[in-house]
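What follows is a single structure, written as structure tokens, with notes after it.
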Amino acid sequence: MSYINNKVVRIMLIVAAVVLLASAGWFLNFTLSPYPVTPEQIHAHYAYKTPDNLQWQQTKLEENYYEFTYKTFDGQTVNGRIKYPKTPSELAEPVPVLIGIHALGRSQIRWFQDSFKNRPTITHVDKITQQALKQGYAVIAIDARNHGLRKDLDYTIGDVMIDLHYFGRKDPYETMIRDNHQLGITEYALKGQLNFNDRHSITARYAQFEEDSHISETGLSEDEFFENPFQAPTGKIDRFVQQRDTVHMIHNFNIDEQATLSSQFYHVDNERASFRQINGPGEAIEYCPTVAGQPDLPGSRRALPATEENAQICGGRWRPRYYNYWGVEPRLSLNHQWLGTNSEAIIGARYHK
């Protein structure tokens, strides 16, 4: 018995040593670490020759709604859409333009539709488009690189994130980040299935997503971009917090060998808030202490240039948002013969609120 115990201990020590060596090798070779970048390197990275021909192609979807493609300086095809407040023939003069930027993993189509692939546009940017059109703006949005129709199926955003976190590959991702940003994301999920018999089963899933990140959503002015395209002076203070709770249940009923009824219920409770010190590119920080030597009276403030030093002593604004929606969707699948071939008909309905 003592021999067996000693053998088990030796095996455990060997396994622990192998794991420790593998972890040390990963840390030394793949872990992310800061590195200096000179202004010359930054300018060289962003320098490009303007193409002589954009190869612009445009297709009319509606009287005031178009989709388009064009070629970038490096030969990529960019796709997007533009919607005018009126038909172009009715516009007597130029109109202001709202440029929509989609979120990570999303696509430009969200700016023009309340749902896509049976999934609602939970960011509600389609409502921003509706409001902008009513105010006389034209709205334009394109797919970012490796998003939407420009997605590389052989190297998706998920692959980019895996390579970044586990293999230290910064190049595919670092063009999307800026200085002073720190992401904190945690997600838990619990899923189970209960089979009552051969005909009835229930699958349930609960997930909680939490984010507490220091990230700036404010862009840069042209002068700020050429000074340092990676800068984010308020990035250490700007904050984005979110908690999303999701419940999803599916009941499957095998009516017979040819028919199956699947009924699903979902509920999402999403609370998010962002803290911002500046509202737009090139603006100053508004909520700063009054001039030295004068009392800080309630409501009194002054504006200071957007620098990392001033960000530490100034305040900002919270922008809370709350979303709550649920839905029910029954779906009936019928296997049948149609013109001598095996076919499947799916009939369903959805209530979403």
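The values are calculated or read from the model by the stated rules, or taken from the named source; none is laboratory data. As the structure is a computational prediction, the values presented were derived from the model and not from experiment. Please note: Cβ atoms are built from the backbone with ideal geometry, for glycine as well, and neighbour counts cover all protein chains shown.
Points worth noting:
- Single unsatisfied condition, ARG301 versus (1) modelled with pLDDT of 85 or more; (2) more than 30 Å from THR203 (Cα to Cα): (1)
- Exactly one residue out of GLU257, GLU217 is assigned to a loop (DSSP other than H, G, I, E, B), under 24 Å from ASN324 (Cα atoms), charged (D, E, K, R) and out of contact with any helix residue (DSSP H, G or I) (no Cβ under 8 Å at 6 or more places or on another chain), and it is GLU217.
- Residues located in the stretch 237-253, provided they are crowded, with 17+ Cβ neighbours inside 10 Å and under 25 Å from the mean Cα position of the chain (by Cα): ILE237, ASP238, ARG239, PHE240, ARG244
- Residue, farthest from THR234 (Cα to Cα), within the stretch 276-288, restricted to residues that are crowded, with 17+ Cβ neighbours inside 10 Å and hydrophobic (A, V, I, L, M, F, W, C): CYS288
- The stretch 316-353, residues that are hydrophobic (A, V, I, L, M, F, W, C) and in contact with a Leu (Cβ under 8 Å, 6 or more places away or on another chain): LEU332, ALA345, ILE346, ILE347
- Flag for ILE202 being of a type outside the set (Asp, Glu), outside any strand (DSSP E or B), at pLDDT 85 or above and in the same structural domain as HIS352 (by TED's automatic domain parsing): no
- Residue check, GLU211 within 30 Å of GLY315 (Cβ to Cβ) and exposed (fewer than 15 other Cβ atoms within 10 Å of the Cβ): no
- Just one residue in the set TYR48, TYR70 is surrounded by 11 or more Cβ atoms within 10 Å (Cβ to Cβ), of a type in the set (Phe, Trp, Tyr) and modelled with pLDDT of 70 or more; that residue is TYR70.
- Here is the figure for the stretch 118-134: residues that are modelled with pLDDT of 90 or more and over 16 Å from the mean Cα position of the chain (by Cα) total 8.
- Output for the stretch 83-106, where each listed residue is charged (D, E, K, R) and either exposed (fewer than 14 other Cβ atoms within 10 Å of the Cβ) or closer than 15 Å to TYR66 by Cα (or both): LYS83, LYS86, GLU90, GLU93
- Tallying residues that are part of a loop (DSSP other than H, G, I, E, B), over 14 Å from the mean Cα position of the chain (by Cα) and in contact (Cβ under 8 Å) with a residue 40 or more places away in the chain within the stretch 92-117 yields 3.
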